[in-house]
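*Asks:* Here you go, one structure.
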Amino acid sequence: METLTRLELARWGLDSTFELQVDVRDDAGEWIGRFDLVDGRRKIIIEYDGEQHRTNRAQYLKDLKRLERARAAGYRVIRVHKEDLFDRTHTWVRDVAELLGSTMCPVRPELMRLFEEN
């Protein structure tokens, strides 16, 4: 699902500044955690939250702490869920575009098939 998240960003031309699976640290150099997609220059994190992030209490609490620390370090965090990918794509993609100072313009329409088939 992280791959589909990245491909949706690519379809809208919003993927070029993001790195995959990045270890993020705070200003003191303390490790905060590893995140799915990170734009370090603009301090934007995109995280896909699968079901284990909701159904496993220990994982849920660990994720909350990690996200709180990222926000405290100045990162903007966008969390994406299955429903966001398939039912509400424009909402979170628009949020990413705004954070990047960009507009939503589909540059990779061929990637649309991936989402229409699921």
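*Asks:* Take every Cα pair under 8 Å in the chain that's 6+ residues apart, average their separations, divide by the length, and report that relative contact order as a whole percent.
*Replies:* 29 percent
*Asks:* Of all alpha-carbon pairs in segment 2-101, indicate the percentage at a distance above 18 angstrom.
*Replies:* Distances greater than 18 Å cover 45 percent of the Cα pairs.
*Asks:* Let me ask something else. What area, in nm² and to one decimal, does the C-alpha convex hull of segment 67-108 cast on average over all directions?
*Replies:* Orientation-averaged projected area of the Cα hull: 3.7 nm².
*Asks:* Would any residue of segment 60-86 have its amide N under 13 Å from a label point 7 Å out along Cα→Cβ of residue 16? List them or say none.
*Replies:* Output list for this probe position: empty.
*Asks:* Next up: Using the basic label-point model (7 angstrom from Cα toward the beta carbon), what is the residue 88 to residue 73 distance in nanometres?
*Replies:* 2.7 nm
*Asks:* Output the 0 to 90 degree angle, nearest 10, between the alpha-carbon long axis of helix 89-100 and the longest principal axis computed from the alpha carbons of the chain.
*Replies:* Taking Cα atoms only, the helix is inclined about 60 degrees.
*Asks:* Still on this structure, I have one more. Given the -39500 (n - 2.57) contribution per DSSP H run of 4+ residues, what per-residue ellipticity at 222 nm results for the chain, rounded to the nearest 500 deg cm²/dmol?
*Replies:* -12000 deg cm²/dmol
*Asks:* Residue 65 to residue 2: FRET efficiency via 1/(1 + (r/R0)^6), r the Cβ-Cβ distance, R0 22 Å, to the nearest 0.05?
*Replies:* 0.60
*Asks:* While we're on this one: Long-range amide H contacts for residue 80: which residues qualify at under 5 Å (H placed 1.01 Å from N, peptide plane, sequence gap of 5 or more or a different chain)?
*Replies:* Under 5 Å from the amide H of residue 80: 47, 48, 49.
None of the figures in this text is laboratory data; all of them are computed from the coordinates on show. Model, not experiment: these values are computed from the prediction. Neighbour counts are summed over all protein chains in view; Cβ atoms, including those assigned to glycine, are modelled from backbone coordinates with ideal geometry.
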